[in-house]
1. Could you please find all residues in the range 176-207 being among the aliphatic types (A, V, I, L, M) and either on the phi > 0 side of the Ramachandran plot or in contact with a Lys or Arg (Cβ under 9 Å, 6 or more places away or on another chain) (or both)?
2. Name every residue in the range 149-169 that is part of a loop (DSSP other than H, G, I, E, B) and crowded, with 19+ Cβ neighbours inside 10 Å, in order of residue number.
3. Take the residues of the range 170-197 that are part of a helix (DSSP H, G or I) and not charged (D, E, K, R): which is farthest from ASP79 (Cα to Cα)?
4. List, please: which pairs have Cβ atoms under 9 Å, are six or more places apart or on different chains, and start with a residue in the range 89-105 that is without any contact (Cβ under 8 Å) to a residue 60 or more places away in the chain and farther than 20 Å from GLU169 by Cβ and end with one that is of a type in the set (A, V, I, L, M, F, W, C) and assigned to a loop (DSSP other than H, G, I, E, B)?
5. How do the pairs read when you match residues in the range 121-135 that are within 21 Å of ASN154 (Cβ to Cβ) with residues anywhere that are aromatic (Phe, Trp, Tyr), using Cβ under 7 Å and keeping only pairs 6 or more apart or on different chains?
6. Give just the number: which of (1) crowded, with 16+ Cβ neighbours inside 10 Å; (2) of a type outside the set (Gly, Ala, Ser); (3) not in a helix (DSSP H, G or I) does PRO83 not satisfy?
7. Between GLU90, GLU120, which is over 23 Å from the mean Cα position of the chain (by Cα) and surrounded by fewer than 18 Cβ atoms within 10 Å (Cβ to Cβ)?
8. Give the residues of the range 198-214 that are among the hydrophobic types (A, V, I, L, M, F, W, C) and assigned to a strand (DSSP E or B), sorted by residue number.
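Please treat every number below as a calculation from the coordinates, not as lab data. Every value quoted in this text rests on a predicted model; they were computed, and no experiment measured them. With ideal geometry, Cβ positions are generated from the backbone for all residues, glycine too; neighbour counts draw on all protein chains shown.
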Amino acid sequence: MRQRLDPWPSIADLFSSLLVASFAGLVLFTALQGVGGVIEDKVHTEARQLKSTVLGALQKHLGGSARDCGTEDICLDIDIQFPNNSDMIEPAYRRRIAQACAALQQALGSLKQGLRGELEIIIEGHTDPRQATGIKDPRRAYLHNWNLSSYRANSVLYEFSRCGLGPPEDRIQAVGYADSLRLCLEDTPECNARNRRTTFRLRADTRRIRQRLYGF
């Protein structure tokens, strides 16, 4: 009579091999996570330094209140004076914008070649929620604050272009938000004045920074 083979030693060996392989995979995964964490920490440190350099240049001449916004963006809210329902910047503020632009050019010029493209500057225009009076066409009335905020942001963009700051070397754009991103909601002169502002949103391109540092 043929002797029956005992399968349990083979199963035990297979189980032991799988256990060893799983443990080795876990160790490797943990090690890779640690390396990935170090890489991301370095990338985000570079991003913060880049944004801080530009923020300091802007804030020195334009003042304003800086705050964290979005995921990792920094926003600088500035009260740039415009005549009522106009996108023309008051002369005193044009001079301050020119000074800020010169300082920003110097700060960006001190960066290594290619780093300017790692930072995006978004000029955001904002209005208070009050609607224009005397406009009978509901479409024009609705679009008034949207257009006004966009025109004012583009006026600041134009002032920067006059000192040589702009595409394609610099990633800078303008956008209007009307009253959709209010800082406060009270219907008071003080709150409306806070909401009538220009915001410089600073955003670092972490993908480009990672590519520069590590090649991927």
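1. Scanning the range 176-207 gives ALA178, LEU183, LEU202, ALA204.
2. LEU165
3. Checked the range 170-197; the qualifying residue farthest from ASP79 (Cα to Cα) is PRO189.
4. GLU90/ILE80; GLU90/PHE82; TYR93/ILE80; TYR93/PHE82; ARG96/ILE80
5. ILE121/PHE200; ILE123/PHE200; GLU124/TYR177; GLY125/TYR177; HIS126/TYR177
6. (1)
7. GLU90
8. Scanning the range 198-214 gives PHE200, LEU202, ALA204.
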